[in-house]
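Only one structure is covered here, and it is reproduced in the block below.
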Amino acid sequence: MDILTRDPMWMPVAAALATSLMATIADVKTLQIRNTLTVPLCLTGIGFHVWLSGWEGLLLSLGGVLVGFGCLIVPYLIGILGAGDVKLLMAMGSWLGSTHTALVALFGCLALGVLAVLLMGKREGFAAVWFNLQLSVLRLQTIRRHLFGSQKHLQDIRSMAKDPTQRGNLIPFSVMLAMGTCALVLFLNAN
């Protein structure tokens, strides 16, 4: 691929892609992304950019960490995602920097939206899709209540993950981050 010789970000993108694929395998099997994957990824990303560019590299890397945190903290707080998903995007951000991290999050969320609509349409019909889209708008309008409410939603996700009948209703977000990273590679190669 042309991106390997043309773009100096090929190594960080490759590291993020490889890690997102490893996280996807673990997440699909266990619905958990371990710190043993995210912490070393984050530290090596920061170290790589500091080694490559000094203080500018540190700022680039920390900017990616902050964007990763900012993109997924609200969905985590309202109970849509687990903490491992947030930490994975933050760790990927340490390699990718802020712009590429935002693109991975955007592409991943778009992939999740398409997948959710297709799965819901297949399972329940597209009238249910329309109803759930309206319901989602109402939920977004009441986000403040969710942010300052109880932490019951986290226990709901954990109990769903443990229950084999409900587990199929959860979509591991690491899959979407891997898809977002693949889309980033295609995007970078097209430009």
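The values are calculated or read from the model by the stated rules, or taken from the named source; none is laboratory data. The shown structure was predicted, so the numbers you read here are calculated from the model rather than taken from an experiment. Cβ coordinates were reconstructed from backbone atoms using ideal geometry, including for glycine residues, and neighbour counts include every protein chain displayed.
For residue 68, are the conditions met, namely being under 30 Å from residue 129 (Cα atoms) and outside any helix (DSSP H, G or I)? Against the criterion (under 30 Å from residue 129 (Cα atoms) and outside any helix (DSSP H, G or I)), residue 68 does not qualify. From the list 64, 82, 70, the lone residue that is surrounded by 14 or more Cβ atoms within 10 Å (Cβ to Cβ), in contact with a His (Cβ under 8 Å, 6 or more places away or on another chain) and within 19 Å of residue 176 (Cβ to Cβ) is 64.
Taking residue 30 as the residue in question, decide whether it is closer than 19 Å to residue 181 by Cα and either touching a His at 6+ places or on another chain (Cβ under 6 Å) or of a type in the set (Ser, Thr, Tyr) (or both). Considered against the rule, which asks whether it is closer than 19 Å to residue 181 by Cα and either touching a His at 6+ places or on another chain (Cβ under 6 Å) or of a type in the set (Ser, Thr, Tyr) (or both), residue 30 comes out as no. Yes or no: residue 114 of a type in the set (A, V, I, L, M) and free of Cβ contacts under 8 Å to residues at least 60 places away in the same chain? For residue 114, the condition - of a type in the set (A, V, I, L, M) and free of Cβ contacts under 8 Å to residues at least 60 places away in the same chain - is met. Just one of the numbered conditions (1) closer than 30 Å to residue 55 by Cβ; (2) at pLDDT 80 or above is not true of residue 178: (1).
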